[in-house]
1. Report yes if B:P463 is at the interface with chain A (Cβ under 10 Å from one of its Cβ atoms) and either under 27 Å from B:A284 (Cβ atoms) or within 20 Å of the chain's Cα centre (by Cα) (or both), otherwise no.
2. State yes or no: is B:T452 part of a helix (DSSP H, G or I), within 14 Å of chain A (Cβ to nearest Cβ) and either more than 22 Å from B:L303 (Cβ to Cβ) or touching a helix residue (DSSP H, G or I) at 6+ places or on another chain (Cβ under 6 Å) (or both)?
3. Is there a residue in segment A:157-171 that is within 14 Å of chain B (Cβ to nearest Cβ), surrounded by 24 or more Cβ atoms within 10 Å (Cβ to Cβ), on the phi < 0 side of the Ramachandran plot and among the small types (G, A, S)?
4. I need every pair where a residue in segment B:15-31 that is under 22 Å from B:A469 (Cα atoms) has its Cβ under 7 Å from the Cβ of a residue that is of a type in the set (F, W, Y) and in a strand (DSSP E or B), sequence separation at least 6 or different chains.
5. I'd like to know if segment A:310-329 contains one or more residues that are surrounded by fewer than 17 Cβ atoms within 10 Å (Cβ to Cβ), in contact with a helix residue (DSSP H, G or I) (Cβ under 9 Å, 6 or more places away or on another chain) and not acidic (D, E).
6. I'm trying to understand the selection: among the residues of segment B:498-509, which are more than 10 Å from chain A (Cβ to nearest Cβ) and either crowded, with 21+ Cβ neighbours inside 10 Å or aromatic (F, W, Y) (or both)?
7. Do any strands (runs of 3 or more DSSP E) entirely within segment B:1-77 hold 1 or more residues that are of a type in the set (S, T, N, Q), and if so, which?
8. Quickly run through segment A:277-319 and pick out the residues that are within 14 Å of chain B (Cβ to nearest Cβ) and outside any loop (DSSP other than H, G, I, E, B).
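The values are calculated or read from the model by the stated rules, or taken from the named source; none is laboratory data. The structure displayed is predicted, hence computed values, not measured ones. Here the Cβ is made from the backbone with ideal geometry for all residues, glycine too, and neighbour counts use every protein chain on show.
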Amino acid sequence: MWLRVISAATVWPRVFDPARLRRSRALRLCAVSLGGLLGLGAALAQVDAPIEPEAASGRQSAREQFHARHAAATAHPLASAAALEILRAGGNALDAAIAAQWVLGLVEPQSSGIGGGGFLVLGEPGGRVRTYDGRETAPALADEALFLQADGQPLPFRAAAVGGRAVGVPGLVRMLAQAHREAGRLPWARLFEPAIRLAQEGFAVTPRLHTLLGMAPELRRDPEARALYFQEDGTPHPVGFRLRNPALAQTYRQLARSRGEALYRGAMAKAIVDKVQHHPDNPGRLRRADLAQYTPLAREPLCFDWRAQAQTYRVCGMGLPSSGTVTLAQILGLLVAARAEPQWQERPQADWLFTYSEIARLAYADRAFYLADPAFVPPPGGRVQTLWQPDYLAQRARLLGPQRLPVVEPGQPLGVRPPLAYGSDSTERGTSHLSVVDAQGLAVSLTSSIEDAFGARIMVGGFLLNNQLTDFNFQPRDAQGRPSANRLEPGKRPRSSMAPLIVYDAQGQIMQVLGSPGGALIIHYVAKTLLATLQAGLSPQAAIALPNFATVGGPLLLETGAYPELRAELAARGVPLQDVALTSGVQVLQRVPRGWLGASDPRREGVVAGD
Amino acid sequence: MATLPFDFHNPYAGTRLPVMARNVVSTSHPLAAHAGLRMLWQGGNAVDAAIAAAAAITITEPVSCGLGSDAFCILWDGQQLHGLNSSGPAPAAWSPAYFFRKYGESATTPPKRGIDSVTVPGAVAAWAAMSERFGRLPFADLMQPAIEIAERGYLLPVVVQQKWAAATPELQDQAGFAQAFLPWGRAPEVGERFSFPAAARGLRAIAATRGRAFYEGEIAQALVAFAKAHGGALSAADLAAFRPEWVTPIAQHYRGYTVHEIPPNGQGIAALMALGMLEHFDLASLPLDGPDFHHLQIEAMKLAFADVYRHVAEPGAMAVSAEQLLDPAYLRARAGLIDPRRAQVFGPGNLARGGTIYLSAADEQGMMVSFIQSNYMGFGSGCVEPHYGISLQNRGHGFGLRADGPNPANVVAPGKRPFHTIIPAFLTREGAPVMSFGVMGANMQPQGHVQTLVRMLDHHQQPQAACDAPRWRYNTGLALNVETRFPSDTLEALLARGHQVEVIQDSYQDFGAGQFIWRAGDPGVDGYVAASDFRRDGLAAGF
């Protein structure tokens, strides 16, 4: 085991020389590398029972970038460009993030948009953090049996997700409007200008969009989506095609004029409700009153301390109804309790990966059992922090052994088992993350989602509606009739795994701004990034480039073909392995002397932009 | 023996229980309620309690009223009802030309803030008049709690602080505002101690002279000098000439009860008109909180406002009379315009050629006081005479300036009183007193009266439940504001009828705050049932 010694001044390993970093002010649209297409085949094999929301579409070559003043890392070059435009126009990080989000809804429609929801973490340089919850809610007329068939069996995922049934009340727009009202600098309407321009003038269809459209036959059944994204013969527009979306431009103009309220009232609200209620195959129960009554929530942030390489960091993110920060706190805390510093040279070793996998199974068991919308299901003891109290973590860590645990149960932080059912884990899907910092040191970490790739496959006003309600447990009760914490209830927010994070150092300075899409696996992607950078000392880009690994309780998932040298030992310790594309989309900004180092996940199409 | 016609179950999430007592004060601030109770303990009656509470609340709730407020009252003296209109008139120098000269030919109303929005303040004269005619304790005693609070200071409660902070950006540059209300250069925070020594001085002068200092003495001189220094028109003669007016309340029958309001220039007549229309519908048979239940009230209210905004002004200037507006045949015809299936916009009818605190007090001798006092829009003009702490209302903004405007009768003229929004109410039954009540909040007031009365009288909800229930607020056109707790099904049905419903998320938006005191029977034996609105910081307190 090689213990890496990190000096106080830098967390970079010896092999990483910052002088060799290319400093760039220009954006580059990166080309798809042939080797990356390997991922595509594995993704196609899993069409009907996906672990993953979004398929792989190849890898880009990517380089991290240094920027001295301000920077934005998003999943698409045009979104990063919009953020930079706003920063240069005097907008703060929040203004830039919002402008980027509107562009993402246009150019990365499969992942997020105004028809969905999201979570925003806003970090001030002094250490004050605010979090905003724009998660979708279940309509008033929805009930816990929404996803059960007549015989009591849960619906297959596609049957549940495609159509109006799973559409939740979109929260993103009202949430961003509230955050902007409290912390924005530029006028609201200004933030829509880049997206409106692109929607009118058109943008080039990227390889990823083209590939994913080709894998979404249900999308063609929506007349508006079909007309927009597909050619006469039903195939998607080719890579490079100039795609215009005038309907979305018009929608954005109305949102610009009305502070976002046009989505929730009047003609647009009626149009949304009509399409949901009158879907030909799978109608939903959304009503105009649901839209009128939607309330975003400014929540207390959830922060925990994490000790890595003799430094103490404060990791801050969204609390419930997202499980992201909670489960991450458990995983990192259990790694400390189990004394498993990452034994990495350039990558994880077998012993560490075994321990990590077992720890993650314990954490995900608690997640499935305890975590849900706190307005409906209070966490143990009323405070989610009970789940990472040192005594409790020590108790959980004592369960670990040299061989894989045959069965993993949720723990009992209060010593009693509440009368809940263990909810089968539904995974979350189509999502995007962006990280922005500005010259005054304000940081924004925003993850937003429409659930599955292309959401409910319903298009209104140029945007796609979410199918977020499938994030509830399809089966609301167990055989004894006990309810699961994450069952659907009217007005409730489904549990999420989104983990937009801001990490502070012990002096209260922002150290890192990060997050990722990837459903229930988000937690692993951000854990890997944190461990690889702040514990093991890799550069942000190298950390992201490390092959992904994850588990939700069953087999250990490894990014296709990764870690061949570890597999024999893992198997010997009883760990079942499965190869999956594991298409993360990490966007990270890390503070370095005199500026920010930004890195964007090569598995998606993102870039870092800045000055 | 008390026979109360209520179901005491409260189906709404609220924070209050109704209070049962034989001497009770119900206000929007606890210290004001204490002030009133002190008078009752000292042997004072309900009028003494109301005045003491009113004086105290000018200090504790400056976001709604001050020493420069107007006031109205309806009181039951044990045998009959009396009404008091103490709204102040325009200074003698005011005319449309005065405002066109200063603010341009295209001005439509006097300004919203500043010295030219201030009419003669009537509240202090109201206190003196009520005390002289009906009070038991010496007038100076009634001012004592307010003086102590002003000197000792108090810790800022939540709702008051929110309104204070929200008002500061707009008002911080008005004459005297920062000196009085931004003691550390900013609005106080929740829990911080605010004291008002200048107002204590003002109150002491008022106490010593039974209010005459305000209209003829040292305070009057200071006000005139202050107005002059800032370009205003208020003169010594304006103040000296002011007398509050005792009036006979106007009335409307509803479900066997009689609802009383102060006649114009106030807008209470809107509540009476709406109730007069609703008498023609069987609201009791409609499911409580359902869409029909609300829709009919909303439409009746719109019809009433259409006439009130067109006609109500200083009574001498009105083209139609209150009697005409309340004519049963006219109201039946107006009610006939209501379509139960859809929302409409209404114009005025065809008639022949006529920022607020509310508090209520009642004692075991049977005296009941319904009292309202206001600076109009929040802090009011924003102008505060610094030596005596007189925070001045902006009631002048309620005038129009143009004969071709929406309400020609309400055009400004010397000595004329403007259209007034604050309305105390009173309920009787066969001549016997039943309830003293009010719901403060600009145009929310008559709507609040109607909504709470219908709940109590048609559906027998107890006063606290009737107060707690989610409310709607009509402003203009088809737009309707509702509180977030509005039932989802009802909301959906109202949208289907064409109401343009907006669910108000902003907690600063006002759906009114009410106080209610319902007489249970013999006041010395059965006492009263009192309720206080959770939407403000106040309480109902009694013994």
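1. On the way: at the interface with chain A (Cβ under 10 Å from one of its Cβ atoms): no; either under 27 Å from B:A284 (Cβ atoms) or within 20 Å of the chain's Cα centre (by Cα) (or both): yes.
Here the answer is no, as B:P463 does not meet what is asked.
2. Values: part of a helix (DSSP H, G or I): yes; within 14 Å of chain A (Cβ to nearest Cβ): no; either more than 22 Å from B:L303 (Cβ to Cβ) or touching a helix residue (DSSP H, G or I) at 6+ places or on another chain (Cβ under 6 Å) (or both): yes.
Considered against the rule, which asks whether it is part of a helix (DSSP H, G or I), within 14 Å of chain A (Cβ to nearest Cβ) and either more than 22 Å from B:L303 (Cβ to Cβ) or touching a helix residue (DSSP H, G or I) at 6+ places or on another chain (Cβ under 6 Å) (or both), B:T452 comes out as no.
3. Filtering segment A:157-171 down to residues within 14 Å of chain B (Cβ to nearest Cβ) leaves A:169, A:171.
Those still in the list that are surrounded by 24 or more Cβ atoms within 10 Å (Cβ to Cβ) too: A:169, A:171.
Now narrow it down to the ones that are on the phi < 0 side of the Ramachandran plot: A:169, A:171.
Narrowing the set further to residues that are among the small types (G, A, S) leaves A:171.
Taking every residue of segment A:157-171 in turn, at least one turns out to be within 14 Å of chain B (Cβ to nearest Cβ), surrounded by 24 or more Cβ atoms within 10 Å (Cβ to Cβ), on the phi < 0 side of the Ramachandran plot and among the small types (G, A, S).
4. Listed pairs, sorted by first residue: B:S26/B:F516.
5. Quick first cut of segment A:310-329, residues surrounded by fewer than 17 Cβ atoms within 10 Å (Cβ to Cβ) only: A:310-312.
Restricting the remaining residues to those that are in contact with a helix residue (DSSP H, G or I) (Cβ under 9 Å, 6 or more places away or on another chain) gives A:311.
In the following step, the residues that additionally are not acidic (D, E) were identified as A:311.
Yes; the residues of segment A:310-329 include at least one that is surrounded by fewer than 17 Cβ atoms within 10 Å (Cβ to Cβ), in contact with a helix residue (DSSP H, G or I) (Cβ under 9 Å, 6 or more places away or on another chain) and not acidic (D, E).
6. B:H499, B:Y508, listed by residue number.
7. On the way: elements: B:19-21, B:24-27, B:70-76.
Hits in segment B:1-77: B:24-27.
8. Within segment A:277-319, the first condition is being within 14 Å of chain B (Cβ to nearest Cβ), and the residues that meet it are A:277, A:285-298.
Selection gives A:Q277, A:R288, A:A289, A:D290, A:L291, A:A292, A:Q293, A:L297, A:A298.
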